[in-house]
C-alpha cells in the first residue's frame, strides 16, 4: 500500500496516510476530521547501491537501467534527454 500525502482544505494540516489507492476518498483529516482533502504530489527518494543518498545530482537520476526518470530536461543529467 502506498503512502499518500494530503492537505486539509479546512484546517490546512498536511498528513501522510498509508492507504490503498482505491480508498483515498475515505480518508479524513487527522487534525479536524474533515474529508475536504487534496491529495498532494509527493517526492520520492533515491538510494545508491551503497545504501546512501547520492550527493551528486547526476548520480540521483542517471542509472544504468534505462533513461533517467527524474531529470529536468535535455542535457541536465549525464548528457541524456
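Each residue, residue 21 and residue 34, gets one label point 7 Å from its Cα in the Cβ direction; the gap between the two is 2.7 nm.
Taking 15 Å as the cut-off, the amide N atoms of the stretch 26-40 that come nearer than this to a point 7 Å along the Cα-to-beta-carbon line of residue 9 belong to 26-29, 34-40.
Since every read-out is calculated from the coordinates, none of them should be taken as a lab result. Bear in mind that the values here come from a model prediction, so they are computed numbers and not experimental data. Cβ: placed from backbone, ideal geometry, glycine included. Neighbour counts: every protein chain shown.
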